[in-house]
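S.K.: Can you read through this structure? Questions will come right after.
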Amino acid sequence: MTSLKANLEQLEDRIAAACKQAGRARHEVELMAVSKTYPASTIQEAEALGLRLFGENRVQEFAAKAEELAPLRADGAIAASDVPILVHLIGHLQSNKAQRAVELFDGIDSLDSLRLAERLNDAASKLGKHLPVLLEVKLSLEETKSGLDPNSPEAAQLFERLPDLHHLDVRGLMTIAPWGVAENVTRACFRSLREWRDRWAATHPKLKLHTLSMGMSGDFALAIEEGATRIRIGTALFGKRAPCTGPA
């Protein structure tokens with residue numbers, strides 16, 4: 001048994017236990033494999049084990065893997081199950097890289113400004129795509145974290161504009177909990193994202209905010225208890241990774 005296979009089996013046991021603790025069905029929680037810094041061969045191995053949704057942090061890093069992974073994607077899937085993999089960008093995206101990101105990725109999970117939304121919509125329009133997106137919401141005081149301040153005028157403007165951006169398929173919200181804090185602080189972050197989702201879904205019924213992407217290797221059980229529909233797992237699947245210092 002490969003280490004990845006063993007890690008996946010252990011992870012699935014932990015997810016199932018978290019779902020049981022939360023009174024939820026396992027199928028309610030989608031697993032995203034965070035493959036940043038790992039080569040295409042690792043993604044191919046993960047695909048062979050049944051994983052289909054992957055998260056990458058950097059445009060140029062994934063561009064270097066894309067050609068090798070092309071046979072597994074929607075335009076030429078050769079997976080045994082005939083189900084193509086999907087690769088989403090989960091890292092911060094500069095608006096000047098919007099065009100390339102739309103070309104490369106199946107979804108953008110880190111939309112955090114009106115300017116970026118308009119750039120992505122224009123790029124998707126040129127390519128004839130309807131691009132799935134999540135809005136990244138900043139619920140931590142950490143300066144290094146990106147995301148939309150939910151109380152800001154920018155957030156209000158973005159939500160008013162989104163229904164008119166017809167090439168964006170808004171599917172929900174994403175957040176990253178603060179590092180190294182007490183469990184109650186982490187839980188409060190995840191609960192806050194769910195509450196903001198409920199509030200925005202009520203005031204903007206044209207938007208379908210079904211996805212709550214929250215929780216990673218160290219805190220996904222709390223996220224599941226607080227309503228996560230997608231968890232982003234890297235270390236628990238692939239092991240500790242070396243820092244990526246390459247271009248975004």
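S.K.: Tabulate in residue order the Karplus-calculated ³J(HN,Hα) for segment 65-72, using 6.51 cos²θ - 1.76 cosθ + 1.60 with θ = phi - 60°, rounded to whole Hz; enter x for Gly and Pro.
M.R.: Karplus values, whole Hz, x for Gly and Pro: 9, 4, 5, 5, 8, 3, x, 8.
S.K.: Stretch A74-N184 to full length: gain in nm at 0.36 nm per residue minus the Cα-Cα span? Walk me through the numbers on the way to the answer.
M.R.: Numbers: separation 110, 0.36 × 110 = 39.60 nm, distance 4.08 nm.
Full-extension gain reported as 35.5 nm.
S.K.: In the P(r) worked out for segment 3-238, what percent of Cα pairs fall beyond 32 Å?
M.R.: Values: 4678 of 27730 pairs.
Taking all Cα-Cα pairs of segment 3-238, the fraction more than 32 Å apart is 17 percent.
S.K.: Residue by residue through segment 23-33, what is 3J(HN,Hα) from phi via Karplus (6.51 cos²θ - 1.76 cosθ + 1.60, θ = phi - 60°)? Round to whole Hz and write x for glycine and proline.
M.R.: Once rounded to whole Hz, the list reads x, 10, 7, 4, 5, 7, 10, 8, 9, 9, 8.
S.K.: Viscosity 1.306 mPa s, temperature 10 °C: give me the Stokes-Einstein translational D for segment 98-248 in µm²/s, with Rh taken as the Kirkwood radius over C-alpha pairs.
M.R.: 98 µm²/s
S.K.: Out of residues 5 or more away from L53 or on other chains, whose amide H comes under 5 Å of its own, with H placed 1.01 Å from N in the peptide plane?
M.R.: A33, L86
S.K.: Measuring from centroid to centroid over Cα atoms, what is the spacing of segment 150-166 and segment 172-186 in Å?
M.R.: Cα centroid to Cα centroid, the span is 23 Å.
S.K.: With all pairs of different alpha carbon atoms counted, what Kirkwood hydrodynamic radius in Å does segment 1-125 show?
M.R.: For segment 1-125, inverting the mean 1/r across all distinct Cα pairs yields 15.8 Å.
S.K.: With the alpha-carbon atoms as the only input, what is the per residue convex hull volume for segment 150-203 in Å³? Don't jump to the answer; show the numbers that get you there.
M.R.: Values: hull volume 5.1 nm³, N = 54.
It is 94 Å³ per residue.
S.K.: Test of understanding: what is the full-extension gain from H92 to S125, defined as 0.36 nm times their sequence separation minus their Cα-Cα distance? Before the final figure, lay out each step's value.
M.R.: Numbers: separation 33, 0.36 × 33 = 11.88 nm, distance 2.15 nm.
Taking 0.36 nm per residue and subtracting the Cα distance, the gain is 9.7 nm.
S.K.: Summing Lys, Arg as +1 and Asp, Glu as -1, what charge do residues with Cβ under 10 Å from the Cβ of I43 carry, I43 excluded? Could the numbers behind the result be given before it?
M.R.: Details: positive: K65; negative: E45, E47, E56, E68.
That works out to -3.
S.K.: Now for a different question. Do the alpha carbons of any pairs in K20/K138; K138/K208; K97/K145; K97/K240; K129/K206; K145/K240 sit beyond 26 Å of each other, and which pairs? Numbers along the way, then the final one.
M.R.: Working: K20/K138 29 Å; K138/K208 20 Å; K97/K145 19 Å; K97/K240 28 Å; K129/K206 20 Å; K145/K240 21 Å.
Pairs exceeding 26 Å: K20/K138; K97/K240.
Read-outs: derived from the displayed coordinates by stated rules, not from any lab. Small disclaimer: the values here were computed from a predicted structure and weren't measured. Don't worry about glycine lacking a Cβ; one is built from the backbone with ideal geometry, like all the others, and counts go over all protein chains shown.
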